[in-house]
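Written out below as structure tokens is the structure these notes cover.
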Amino acid sequence: MAGPMRNTKIVEAVTQSGTTTKQGLLDRAFAFAFKGLVYAQIWEDPVVDMEALQIQPDSRIITIASGGCNVLSYLVADPAQIIAVDLNTAHVALGKLKIAAAKHLPDHAHFHRFFAEADSKQNIRVYNQHIRPHLDETSRRYWEGRDLAGRRRIGGFGSGLYKRGLLGGFIGTAHLLARLYKIDLKRMLGARSLEEQRAIFEQHLAPVFDKKFIRWLTDQPPALFGLGIPPAQFDALAGDEKMADVLRKRLEKLACDFEIRENYFAWQAFGRGYGKGPDQPLPPYLQAQHYDAVQARVDRVSFEHANFVERLQASGDASLDRYILLDAQDWMSDQQLTTLWSEITRTACPGARVLFRTAAEPSLLPGRIPDDLLARWDYRADESLGFTARDRSSIYGGVHLYVLK
């Protein structure tokens, strides 16, 4: 496996324009930014995913790994197999670390401290004693290597993992900018009701998006690389609106539509971590009541450094029945979409379910893949609207479910 800085798969995936064009240069800049750790936590709601996917004991899932949180959370639904692939070697290393931790840490208290708190010096000792001996060499070299700032990567679990990575840096920058406008984003965490959350948002957060500098900054595609938004997705996200207005609406949903005490995505955005204490909201895989199930089933998971389509091409006909694409299709050309959906259709069992997200609200498939291919699938439009409304991460315009006819 190539090291993060030599990861050519990401460059191939996101660079569609000539390198001498402005778009091509932006694509390559994004690819460079995306080579290291991007998501210490995945930003798709696994509760919505499991509702949409209707995972069964014989379900064989293939998903993009990202931060690995949802991969382990799907184990709560008791599937037969989960294949997690990612172009980003850092995400694969994080996933393999989570598998080793689930299998070899002494108990839930250690597992919780390592991933839910992720800011204790004890975690480094625990890593050396319980996890390191069971990691493959490539993952061990990644975690014991150093990032661009010269820090040992495993040290993130001793000083605040969720403040690291491209997204962690973006959130940190957002907090810094807010402080320049004399706004404390952590104020939201003290709200005791939806009404109080909305009052805080409208009084303190919404006005920032009218600031001239913020409106200019958010119109620059590189400014949103930290959200994992490549140049190809930028225009789709903005549509006919200014990007500042789009981001304000997405933040409004995150801040106002869900009880803060039940939304761990909001805690990450406003608090830069999951928070302390037994009552803090957590992803399913970190919740105490699911620990035994996750530990018992973790051998059903594999993390692979691979292109999603290439992994499908290596799979047999009718061998899979659950597909999670995250928002990867927003990056794709029509030809890439057609190749992807041809392989999904070939490898899908009857009744297979495909779940994906889009920056814009509508599904992007109509008119972009052949009609006869799309006709093999039933788009669950009404259900998809419900999933979109209930997704607590709040950053996507649409959550879409297709079922093989």
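The values are calculated or read from the model by the stated rules, or taken from the named source; none is laboratory data. The shown structure was predicted, so the numbers you read here are calculated from the model rather than taken from an experiment. Cβ placement follows ideal geometry from the backbone for every residue including glycine, while neighbour counts extend to all protein chains displayed. We work out accessible area using only protein heavy atoms, side chains counted, and drop any ligands, DNA or RNA first. Shrake-Rupley method; radii C 1.70, N 1.55, O 1.52, S 1.80 Å.
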Check your understanding: How would you classify the chain from its alpha-carbon gyration tensor, with a ≥ b ≥ c the square roots of the eigenvalues: rounded for a/c under 1.5, else prolate if a/b is greater than b/c, otherwise oblate?
Key -> rounded
Practice item. Label region 75-215 by shape, choosing from rounded, prolate and oblate, from the square roots a ≥ b ≥ c of the eigenvalues of the Cα gyration tensor; if a/c is under 1.5 it is rounded, and otherwise prolate applies when a/b is larger than b/c, oblate when it is not. Key: prolate
Check your understanding: Solvent-accessible area per residue for the chain at a 1.4 Å probe radius, Å²?
Key -> 42 Å²
**Study point:** Cα-based Lys pair tally, region 196-313, threshold under 28 Å, eight or more apart or on separate chains
**Key:** 8
Revision key, fill the gap. Taking the chain and counting helices only, DSSP H stretches of n ≥ 4 at -39,500 (n - 2.57) each over all residues, the nearest-500 ellipticity at 222 nm comes to -11500 deg cm²/dmol
Practice item. Write down the percent of antiparallel bridges among all DSSP beta bridges whose residues are both part of the chain, to the nearest 5. Key: 35 percent
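Of all accessible surface on the chain at a 1.4 Å probe, what whole percent is carbon and sulfur?
51 percent
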Exercise for review: For each pair in Lys121/Lys182; Lys35/Lys182; Lys35/Lys163, compute the distance between the two Cα atoms and list the pairs where it is over 29 Å.
Suggested key: Lys121/Lys182; Lys35/Lys182
Check your understanding: Hey, got the dipole for the chain? About the Cα centre, +1 on K and R Cβ, -1 on D and E Cβ, debye to the nearest 20?
Key -> 1820 debye
Revision key, fill the gap. Between the alpha carbon centres of region 166-195 and region 80-131 the gap in Å comes to 27 Å
Practice item. Quickly work out the Asp378-to-Ala288 label distance, labels modelled 7 Å from Cα along the C-beta direction, and quote it in nm with one decimal. Key: 4.2 nm
**Study point:** Local electrostatic count, Gly68, Cβ distance below 11 Å [Lys/Arg +1, Asp/Glu -1]
**Key:** +1
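I need the shape label for region 48-90. Rule: rounded when a/c is under 1.5, else prolate if a/b > b/c, else oblate, with a, b, c from the alpha carbon gyration tensor.
In terms of gyration-tensor shape, prolate.
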Review point. If you take the beta carbon distance between Asp107 and Arg346 as r and set R0 to 45 Å, what does 1/(1 + (r/R0)^6) give as a FRET efficiency, to the nearest 0.05?
Key: 0.55
Revision key, fill the gap. Full extension between Asp334 and Gln220 adds, at 0.36 nm per residue less the Cα distance, a length in nm of 38.5 nm
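With r defined as the distance between the Cβ atoms of Glu361 and Asp210 and R0 fixed at 30 Å, what FRET efficiency is calculated, to the nearest 0.05?
Between Glu361 and Asp210 the formula returns 0.80.
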Review point. Name the trypsin sites (Lys or Arg not before Pro) in region 54-123 that are in a loop by DSSP and that have at most 15 other C-beta atoms within 10 Å, would you?
Key: Lys121
Review point. How much of the DSSP beta bridge set in region 314-405 is antiparallel, as a percent to the nearest 5?
Key: 70 percent
Check your understanding: Looking at the chain, do any whole DSSP H helices span at least 15 angstrom along their long axis by alpha carbon and average 0.5 or above on Kyte-Doolittle, and which?
Key -> 165-180
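Would you please give the FRET efficiency between Ser315 and Val47, computed as 1/(1 + (r/R0)^6) with r the Cβ-Cβ distance and R0 = 35 Å, to the nearest 0.05?
0.80
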Check your understanding: For the chain, what is the relative contact order in percent, using Cα pairs closer than 8 Å and at least 6 residues apart in sequence?
Key -> 21 percent
